[in-house]
Amino acid sequence: MSNLRPSLEVAVQMRRERITGPMAHWSPWRWVLADVVLQEAGFGSEPRMLFQNEDEQAWLYPAMRVELFKDDAEGYYLNATTPAPCWFVLWRMQDDLAVPVMVSLSYHDAGRWLDAQETVEQVPVPAEVLAWMQAFVDEHHVVEPKRRQRPESFRSLTDRFGNPASVSTAKPQRKGGHG
């Protein structure tokens, strides 16, 4: 079936850390994205706590799918060509847990999520995933030729209704003969 999109199964690790210092006054804990790793059979498919102590708690969210879409090749290209390519993870609080909702390799996805005021964090992508993404970019990304934009000073002026407008540098004549 050639219409299937390239995809990977990953697991997301979230960590709850104790906050110390003045910030602890507002909240004693914070959640952070700890890692994204390739799915392994032993991870299963259900979220589970990995460990807990008095200062930290870690959860594993396995079996999350990351797909590559041809129409987002530009987003993968932008990620692949940065000095630090990364996974983007959108996560939300559910009850007292930070739950990853989506994982992507696209800068465009991350930008849309941030524009929607979602919580998005990133961690570095491993070399083998970067190579996989780069192969997809090489096959599907088309560099759009840059079109020269006409300087603003050459654009015709319009009023707020779209009608032609003009600007004059001549001083207006005063009416009434004063002065």
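Only the coordinates and a few stated rules stand behind these numbers; no lab work does. Note that the structure is predicted; figures quoted are calculated from it, not measured. FYI the Cβ positions are ideal-geometry reconstructions off the backbone, even for glycines, and counts take in every protein chain you see.
Spelling out what I want: for every residue of segment 92-107, take phi, set θ = phi - 60°, compute 6.51 cos²θ - 1.76 cosθ + 1.60 (Karplus), and round to whole Hz; glycine and proline get x.
With coefficients 6.51, -1.76 and 1.60, one gets 9, 7, 10, 6, 10, 10, 8, 10, x, 9, 9, 10, 9, 10, 9, 4 Hz.
THR20 label point, 7 Å along Cα→Cβ, cut-off 12 Å on backbone N: hits in segment 26-50?
None, by backbone N distance to the label point.
Which order, highest average first, do 139-145, 34-40, 107-113 follow once you tally other Cβ atoms within 10 Å for each residue and take the mean per peptide?
Output ranking for 139-145, 34-40, 107-113: 107-113, 34-40, 139-145.
Amide H neighbours of GLU118 under 5 Å, counting only residues 5+ apart in sequence or on other chains, H built in-plane at 1.01 Å?
none
For segment 8-140, taking Cα atoms only, what is the radius of gyration to one decimal and the Dmax to the nearest whole Å?
Gyration radius and largest Cα-Cα distance of segment 8-140: 15.9, 52 Å.
Around VAL103, what is the net charge, scoring Lys/Arg as +1 and Asp/Glu as -1 over all other residues with Cβ under 11 Å from its Cβ?
That works out to -3.
Take TRP31, TRP87 and order them by how many other Cβ atoms sit within 10 Å, fewest up front.
TRP31, TRP87
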